[in-house]
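Trainee: Would you mind keeping the following structure in view while I ask a few things?
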Amino acid sequence: MTAKAGPATRLVRWNGGEMLARLDDVLAVYVTAMNYSPEILSIRRGFVAGHTRRSEFRAVATLEEGTGRVLGFGYGYLSGPGQWWHEQVRSGLSDDHYDRWMGDAFELVELHVLPRAQGTGLGEAQLRALLDGAPGATVILSTPEGESRAWRLYRRLGFVDVLRHHLFPGDERPFAVLGRPLPLEPGR
Ligand SMILES: CC(C)(COP(=O)(O)OP(=O)(O)OC[C@H]1O[C@@H](n2cnc3c(N)ncnc32)[C@H](O)[C@@H]1OP(=O)(O)O)[C@@H](O)C(=O)NCCC(=O)NCCS
């Protein structure tokens, strides 16, 4: 494979307050990367702002050198009982599976890179940085079923199936829940 040159970038870590300060930029990356309608932004904004206050919240972002533009970001926190996503996934798991995968889990909530900056390893760098020192015995996430760059990345980093073809209320697309033990070995 010939390495594709990307823009000059800088990877930064953000706490909740720092991500809130760039919330407009983060949400713009989110809707562009996911190809969602901007109409969902007002609802999503409230959810994301609330996430920054959850236990062990941590975020990373890729900034363009010079301009400081946000080219990508990722965030997560400790997944806990009572949270909407946590309970949705729990409903699809046996008790044993739940204890194993969700008893002490870091939830990767969002990971996105602007289309123009994809394909040069920024997403992988963001994921590695986010998981470096993250709390929890496992990391878990959900992603739409079907071949995608996100799937290739997660498989490459050793994520395995936790739950497949799960339907979340309000979304017609089936999702896979994937997970792996923590820590993630460097260079895996
Ligand atoms: C998923 C996503 C975050 C991955 O980010 P990315 O920067 O595009 O992806 P990666 O870091 O995995 O790198 C992508 C490619 O660059 C290659 N690459 C990795 N390191 C590289 C490097 N140093 N130099 C050049 N290429 C490199 C990888 O081999 C990979 O190839 P492949 O995807 O063809 O297999 C991004 O594609 C995205 O935002 N997608 C849309 C939103 C989405 O699906 N988010 C996840 C929802 S769960």
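The values are calculated or read from the model by the stated rules, or taken from the named source; none is laboratory data. Everything quoted here is computed from the prediction, not taken from an experiment. Ideal geometry is used to build each Cβ from the backbone, glycine not excepted, and the neighbour counts take in all protein chains shown. Ligands, DNA and RNA are stripped out before the accessible areas are found, and what is left, the full protein with its side chains, is counted by its heavy atoms. Shrake-Rupley method; radii C 1.70, N 1.55, O 1.52, S 1.80 Å.
Trainee: When Lys and Arg each count +1 and Asp and Glu each count -1, what net charge do the other residues less than 10 Å away from Gly16, Cβ to Cβ, add up to?
Mentor: +2
Trainee: Right, something else. Could you work out [θ]222 nm for the chain from helices alone, using -39500 (n - 2.57) per DSSP H run of at least four and dividing by all its residues? Round to the nearest 500 deg cm²/dmol.
Mentor: On the way: 7 runs with 62 residues, N = 188.
That comes out to -9000 deg cm²/dmol.
Trainee: Binning at 5 angstrom from zero up to the longest distance, how are the C-alpha pair distances of the chain distributed in percent?
Mentor: 1, 7, 16, 21, 22, 19, 9, 4, 1, 0, 0
Trainee: Now a separate question. With each pseudo-label sitting 7 Å past Cα toward Cβ, what's the Arg45-Glu65 distance in nm, one decimal?
Mentor: A separation of 3.4 nm, rounded to one decimal place.
Trainee: Name the residue farthest towards the positive end of the dipole of the chain from the options Thr143, Ala33, Gly46, assuming +1 on Cβ of Lys and Arg, -1 on Cβ of Asp and Glu, about the Cα centre.
Mentor: Ala33
Trainee: Report relative contact order for the stretch 9-181 in percent, whole number only (criteria: Cα-Cα under 8 Å, sequence separation at least 6).
Mentor: Relative contact order for the stretch 9-181 comes out at 20 percent.
Trainee: With each label point set 7 Å from Cα along the Cα-Cβ vector, what nm distance links His97 and Arg155?
Mentor: My value for the distance between the label points is 2.0 nm.
Trainee: Here is a further query. To the nearest 10 degrees, how steep is helix 41-51 against the longest Cα principal axis of the chain, on a 0 to 90 scale?
Mentor: So the helix axis and the longest Cα principal axis differ by about 70 degrees.
Trainee: In Å, what is the Rg of the alpha-carbon atoms in the stretch 100-147, and how long is Dmax?
Mentor: Over the stretch 100-147's Cα set, Rg and Dmax evaluate to 12.5, 38 Å.
Trainee: Hey, rough spin-label estimate for Phe168 and Leu20, points 7 angstrom out along Cα→Cβ, what's it come to in nanometres?
Mentor: Result: 2.3 nm between the two label points.
Trainee: Could I ask something else about it? What percentage of all Cα-Cα pairs in the stretch 111-188 are separated by more than 15 Å?
Mentor: Here the long-distance tail beyond 15 Å is 58 percent of all Cα pairs in the stretch 111-188.
Trainee: Next question, about the same structure. Please report the carbon-and-sulfur percent of the accessible area for the chain; probe 1.4 Å, protein heavy atoms only, DNA, RNA and ligands left out.
Mentor: Carbon plus sulfur share of accessible area: 52 percent.
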